[in-house]
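Read-outs: derived from the displayed coordinates by stated rules, not from any lab. Being a predicted model, the structure only gives us computed values, none of them experimental. Glycine gets a Cβ as well: all are built from the backbone with ideal geometry, and neighbour counts include every protein chain shown.
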């Protein structure tokens, strides 16, 4: 029986919820950290029917002191998954301070405590494909050049370099998963693919308009539960390292929109295209992952594990 203890920062999000469910099936004890214990915020855990199977701690304001107090309260943490923080590049433009606080500062506090106490705790940090530089053909792997273009991407790049620093110079067991877009029914409605689904359903029922930015862009998109398996497998490696996690396939927003409209028997008259507020400057027209190294390191069994 597995007696490992895992702490998940950001347990109420899409990835945190799926990860908690996955770890419970692996017989872990799971503790989740969140700032909000409202019913609405815990809805994903409720949908997966695991809310009562995990311990959820509310930390209203995470900082160095609260992180230190957390480690004192929870003994012998085997694995930490840092999945919390700002997730929207567009929101980060208007809230750069909050973005860095949630995506970088808390991570430093965790890494520092593990370093000082010389703990064997393994740490996973969720970074983003947004960190890479626009350098066509924009097929990104572990050796691609870093060149972030938003406060969100800059913060995720900072986290990526911090993980490398603490692993190399302080022997902290930590790694970064550079995650490309991944979707599921638990995805937040403010992400474009889920937004399209939810808004068109409302239009079908009550009418209205759906506002979108540039629908010509293409993104590497995968299935979120598969990414969770990859995340877990990264911390099980004998020598943990940073990996690019993606599908290797790019899909356009336009194609996805057409599929949804056809399914719901709607036409494009209800869609507002190229909404200025929804278009980011310097946004890449297309990019995708080259996940071959990750598949090799993880034995190429990411998809198979989910079926068991």
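Things to note:
- Per residue, the Cα convex hull of the stretch 6-50 amounts to 58 Å³.
- For 131, 253, 146, the sequence from fewest to most other C-beta atoms within 10 Å is 146, 253, 131.
- Note on the chain: helix-only mean residue ellipticity at 222 nm, from DSSP H runs of 4+ residues weighted -39500 (n - 2.57) and normalised by residue number, equals -11500 deg cm²/dmol.
- Cα gyration tensor, the stretch 63-177 - rounded (a/c under 1.5), prolate or oblate: oblate
- Centre separation in Å (Cα based) which lies between the stretch 242-300 and the stretch 1-69: 28
- Helix axis angle, 224-236 relative to the chain longest principal axis, alpha carbon, degrees: 20
- Residue-normalised convex hull volume from the C-alpha trace of the chain: 141 Å³ per residue.
- With the highest mean first, a sort of the peptides 97-107, 231-241, 15-25 on other beta-carbon atoms found within 10 angstrom per residue produces 15-25, 97-107, 231-241.
- Nearest 10 degrees, 0 to 90: helix 192-206 Cα axis against the chain principal axis: 50
- Beta bridge orientation in the chain: antiparallel %, DSSP, nearest 5: 10
- Crossing angle, helix 151-170 versus the chain [Cα axis fit, 0-90 degrees, rounded to tens]: 20
- Highest average packing first - 289-297, 242-250, Cβ atoms within 10 Å: 242-250, 289-297
- The stretch 4-103 shape via C-alpha gyration tensor axes, a/c threshold 1.5: oblate
- Shape class of the stretch 211-291 from the Cα gyration tensor (axes a ≥ b ≥ c, square roots of the eigenvalues): prolate, since a/c reaches 1.5 or more and a/b is larger than b/c.
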